[in-house]
1. Take Leu185 and Asn519, extend 7 Å from each Cα along the Cα→Cβ direction, and tell me the distance between the two endpoints in nm.
2. Taking the highest mean first, how do the peptides 378-384, 418-424 order by number of other beta carbon atoms within 10 angstrom per residue?
3. Net charge around Trp464, counting only other residues with Cβ within less than 11 Å of its Cβ (Lys, Arg = +1; Asp, Glu = -1)?
4. Let's test the formula: R0 of 45 Å, r as the Cβ-Cβ distance of Asn305 and Ser442. What FRET efficiency results, to the nearest 0.05?
5. Given a Förster radius of 22 Å and the C-beta distance between Phe332 and Thr267 as r, what FRET efficiency does 1/(1 + (r/R0)^6) yield to the nearest 0.05?
6. What does the extension gain come out to for Asp160 and Asn223, with contour length at 0.36 nm per residue minus their alpha carbon separation?
7. In whole Å, how far is the Cα centre of the range 184-218 from that of the range 227-269?
8. At 0.36 nm per residue, and after removing the present C-alpha to C-alpha distance, how many nm does the segment from Asn403 to Thr113 gain when stretched out fully?
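Readers should treat all values here as calculations from the given coordinates under stated rules, not as data from a laboratory. Note that the coordinates shown come from a computational prediction; the quantities given were computed from them, not determined experimentally. Backbone-built Cβ (ideal geometry, glycine too); neighbour counts: all protein chains shown.
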Amino acid sequence: MKNLSLYIKSLMIMISVIIMTSCEENFLDINTDPNNPADVPINQLLPAAEAGLAFYLGQNTDGWNNACATFVHHVTNFRVDQYNMANNQYDQQWAAFFSGPMRDLQIIINKATESGDMHYVGIAKILKAYGYSIAVDLWDRVPYFEALQGAENFSPNYDDGAAIYTDLLRLLDEAAGNLNEASSLSPSTDDLIYQGNLTRWRKMANTLKLKLYNQVRLVQDNNAAIQALLTANDFLTSAADDFEMPYGTSFSPENRNPGFINNWSNTSRETQISPWFYQIMIDLNDPRIPYYWYNQIAQGGNAQNPTDFQDDTQFGLFVSVRFGSQAPNASFAQQGSFTIPGLYPVGGALNPVPNTTSLVAVGQSPGAGQITGPGNVPQRFLTYYALKFIQAELALEEGIGGNAETIFREAMEAAFAKVNEVAAGASQSTISSTDIEAYVTSRVAEFTAADDAGKLELIITQKWIATFGFSIDAYTDYRRTGFPEIFDPNADTDPATVSTRSFPVSFPYSQSDLAAHINPPSQRVIAQDRVFWDAN
């Protein structure tokens, strides 16, 4: 929790710096009554809400995304190892998420509606819909219809996830209308995500609608609504439209990606690349490997302690720990040795080209000044490449929206283009078109030869690889489709990694919230209580 508190302080400083460049007043000085955030102008609530939303859903160590990344085997992390989540594990995050950015968004909606600032209303509704869609995807039933009222209702009812989804779709339609209305004020640089570009906000809202419809397709028939959206074709049209939170390179005040801070600046780093994810990408000869992770030890080198898992490769010594490992070497400190998230997910360094020795020396920190990265990679949430994977799934499974194979190719090409965009932005070499074409063509050939189940597995597996850095959607995809194939510790023959816990199909409620609630629901049994769309 220490990391959470420290970063929130840095977050507020970052917002103040951003706001000072576009407003006459300092964000930190505006709120004269900290118990009444309604006193804060909407053009200062908006960046606070956006930054807060990105923090709680992004790559901070204590966040939900980190747990999801562990569950889908993008990474390994002791906090939720062996599918172990305590009922009070995310109490602080739950409270801060709903009383912070989500409450701020509701205040914007209320205040801006009254003042006629309808563009702010539309943007806040879209952000609220996105935040709540993620909450439903993690918990199913959450406080919604009576929530975000502050002192007027401290014990809002927990509402059915399906009912919330239905209302979120209505809210997104309302938001699109608000964006088209006259507005007394319109956001510009105070909108950290799209800088007041209403066209991009509208595209994002439509893309989010398609995502939600796709996620419920196994329990609801929404093909008519999906077809209408596809016919209108008003979605994200390129990476320039991606819904993502930008970050900077400053460390004083701190405005770098939280994942960079936790994995590069922080010598007590704890996020390790999953050996399962590693082996999948190695087997595919995936050219994104040096962009995805960074090996701290050069080829032929030695880790600082005996390892639980290592593989000496042309890109350096890959060091990690197996999920749930109880082997003797799993407990050794490896902060200066284990392989960490690299350039693409967090803004770390590009892993050196094969067979060089320019990596960090044994035991030294990549954040200590010897080798580092810019730290300014955006936190991606809903992207153009994700849209293409969604469309490929719909084309395959529902037979609407075009040719699944063609769209599958477009999705992979868009995913590679995003990696190259990040690399170019950091003044690093990009993946060659030859390597991209070879990889994509191989996967398309596999797609052509596969049956429908195999085709779906290929779509979701490639989406899983592409979404490294934002694993919440991968966690959702796995629960609703059963893909990709991930490591199953309950079926493992190695006694050091076998588990007795079942895969968590949802998250536990905040124990503190349940204790304070007048009429609380029962605590979730995370191995049994599914989200409403989970028919798998």
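1. Placing both labels 7 Å beyond Cα along the Cβ direction yields 3.8 nm.
2. On the way: 378-384: 22.6, 418-424: 18.7.
Answer by packing, highest mean first, reads 378-384, 418-424.
3. Details: positive: Lys463; negative: Glu457, Asp473, Asp477, Glu485.
Neighbour charge sum, excluding Trp464 itself: -3.
4. On the way: r = 38 Å, r/R0 = 0.84.
It comes to 0.75.
5. 0.85
6. My answer for the length gained is 20.4 nm.
7. Each part reduced to its Cα centre gives a spacing of 14 Å.
8. 100.1 nm is the gain from fully extending Asn403 to Thr113.
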